[in-house]
Every structure is written in C-alpha cells, then in structure tokens.
Amino acid sequence: MLDVGIFSILFDKTFLATAAAAIIAFAAIVTLGLPMLERNPLDKRLKAVAERREELRQRHHESLNKRGSLRSTPISSNRRIRAKSSPRLASAARGRSSLLCSSVS
C-alpha cells in the first residue's frame, strides 16, 4: 500500500536526503544574503560625525583668531622684568634656556 503515489516518493531515502540538502542550501543562501541586502546606517552616522567635527574645528579656529595670541607680553620683556626683580632668577632662566638650546642642536 505504501508503494502507491506520493507516499513512495516522500519516504524514499534519496528523496529525503535531497530535500534536506536543498533546505540547508537555501538556509545558507538566505543567511549569507540578507545582511548584504540591508542598508548600513553606520555610513550616514560617520558622515554626520565628520561634518560636525569639521564644524567644531572651524569654530575653534575662529575663536582662537578672535582672541589673538595667548601670551599678553613677549618673552623678551618677561626676561627683562625677572632680571630687574631678581638677578638670581634671571641667571637661572638664562642657564635653562642655554641648556635647552644646547640639547636641541
């Protein structure tokens, strides 16, 4: 009675092996293919972050240009003031600057 029609095909060992292989192959293709079809939101986010960083950098440079130099008096006048106030500090400062100059060259 099982040799008749669809039951003989469904319970055949070669048919079951072929059907299982087809289902596994389809699952593998879907598993690998779906991530390729999805859009990547990271690209938009990276572009937005780069634009914001550029905007902040430009604002920072503009504020630095408005403010001017960080030093209110030139270095040379600072040394003269120290020399007048304390000869010992002035000689120590000259010694450090000569050490720095000698180590650079």
Would you check if L46 is at pLDDT below 65 and surrounded by 10 or more Cβ atoms within 10 Å (Cβ to Cβ)?
-> no
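Okay, residues lined up against (1) surrounded by 10 or more Cβ atoms within 10 Å (Cβ to Cβ); (2) small (G, A, S); (3) modelled with pLDDT of 95 or more:
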| residue | (1), (2), (3) |
| --- | --- |
| A22 | yes, yes, yes |
| A25 | yes, yes, yes |
| L37 | no, no, no |
| E62 | yes, no, no |
| K66 | no, no, no |
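The values are calculated or read from the model by the stated rules, or taken from the named source; none is laboratory data. In this text, all values refer to a predicted model and were calculated from it rather than measured experimentally. Because the Cβ atoms are built from the backbone with ideal geometry, glycine has one as well, and the counts that use them run over all protein chains shown.
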